[in-house]
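A.B. asks: This is the structure I have questions about; it appears just below.
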Amino acid sequence: MALTKKLELGGYTVLKASDGKDGYAKAIQHHPDIILLDIMMPVMDGMTMLQRLRTDEWGKHASVIILTNVQDSDMVDSATTLDCFDYFVKADSPIDDILERLKTKLKGE
């Protein structure tokens, strides 16, 4: 919620989803500039959503940042294989660091 608030205050439009299935549907419908994806989500987990996203013509190239509390090297490797821009562990990552990476990606750097 804190990240959402900071993004909105910074002038960004934020779409939120209640679960992975909803997130996938919104991503395919709205084609956001960047997707913040959690691994642990109801209905469809984040890795399943990412795999499904990568099968879509638009989704093949969608910018994705994993933002989760899952600290698993295999999960990081899987996310990297699926072309994630970055992988943050929420508990270890200050919001300002995440915001800077988002801004960097949105600027195309």
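A.B. asks: In segment 55-98, how many residues are outside any strand (DSSP E or B), within 25 Å of Gln29 (Cβ to Cβ) and open to solvent by less than 50 Å² (accessible area, probe 1.4 Å)?
C.D. replies: Our first condition is that a residue be outside any strand (DSSP E or B); within segment 55-98, this holds for 55-63, 69-85, 90-98.
Those still in the list that are within 25 Å of Gln29 (Cβ to Cβ) too: 55-63, 79, 82-85, 98.
With open to solvent by less than 50 Å² (accessible area, probe 1.4 Å) added as a condition, the list becomes 56, 59, 62-63, 79, 82, 84, 98.
Number satisfying all stated conditions: 8.
A.B. asks: Of all residues in segment 1-14, which are without any contact (Cβ under 8 Å) to a residue 40 or more places away in the chain and open to solvent by less than 60 Å² (accessible area, probe 1.4 Å)?
C.D. replies: Those that are without any contact (Cβ under 8 Å) to a residue 40 or more places away in the chain and open to solvent by less than 60 Å² (accessible area, probe 1.4 Å): Thr4, Val14.
A.B. asks: Okay, next question. Pairs needed: first member in segment 82-109, over 13 Å from Lys6 (Cβ atoms); second member anywhere, part of a loop (DSSP other than H, G, I, E, B) and of a type in the set (Val, Ile, Thr); C-beta distance under 9 Å; at least 6 residues apart or different chains.
C.D. replies: Correct list of pairs: Phe85/Ile34; Val89/Val70; Lys105/Ile34; Leu106/Ile34.
A.B. asks: Restricting attention to segment 15-37, which residues are under 24 Å from Thr104 (Cα atoms), in a loop (DSSP other than H, G, I, E, B) and either of a type in the set (Lys, Arg) or open to solvent by 40 Å² or more (accessible area, probe 1.4 Å) (or both)?
C.D. replies: Correct list: Leu15, Lys16, Ala17, His31, Asp33.
A.B. asks: Can you tell me how many residues in segment 78-98 are within 19 Å of Met49 (Cα to Cα) and not charged (D, E, K, R)?
C.D. replies: Final tally of qualifying residues: 10.
A.B. asks: How many residues does segment 46-62 contain that are under 21 Å from Leu3 (Cα atoms) and at pLDDT below 90?
C.D. replies: Residues flagged as under 21 Å from Leu3 (Cα atoms) and at pLDDT below 90 within segment 46-62 amount to 1.
A.B. asks: For Glu57, all conditions in the list (1) within 13 Å of the chain's Cα centre (by Cα); (2) more than 18 Å from Leu15 (Cβ to Cβ) hold save one; what is the number of the exception?
C.D. replies: Glu57 satisfies all of (1) within 13 Å of the chain's Cα centre (by Cα); (2) more than 18 Å from Leu15 (Cβ to Cβ) except (1).
A.B. asks: For Ser73, are the conditions met, namely being small (Gly, Ala, Ser) and at pLDDT 85 or above?
C.D. replies: On the way: small (Gly, Ala, Ser): yes; at pLDDT 85 or above: no.
Answer is no for this residue.
A.B. asks: Please go through (1) under 19 Å from Val89 (Cβ atoms); (2) in contact (Cβ under 8 Å) with a residue 24 or more places away in the chain; (3) more than 12 Å from the chain's Cα centre (by Cα) for Ile34 and return the number of the only condition it doesn't satisfy.
C.D. replies: The failed condition is (3).
The values are calculated or read from the model by the stated rules, or taken from the named source; none is laboratory data. Because the structure is predicted, anything quoted here is derived from the model rather than measured. Cβ: placed from backbone, ideal geometry, glycine included. Neighbour counts: every protein chain shown. We work out accessible area using only protein heavy atoms, side chains counted, and drop any ligands, DNA or RNA first. Shrake-Rupley method; radii C 1.70, N 1.55, O 1.52, S 1.80 Å.
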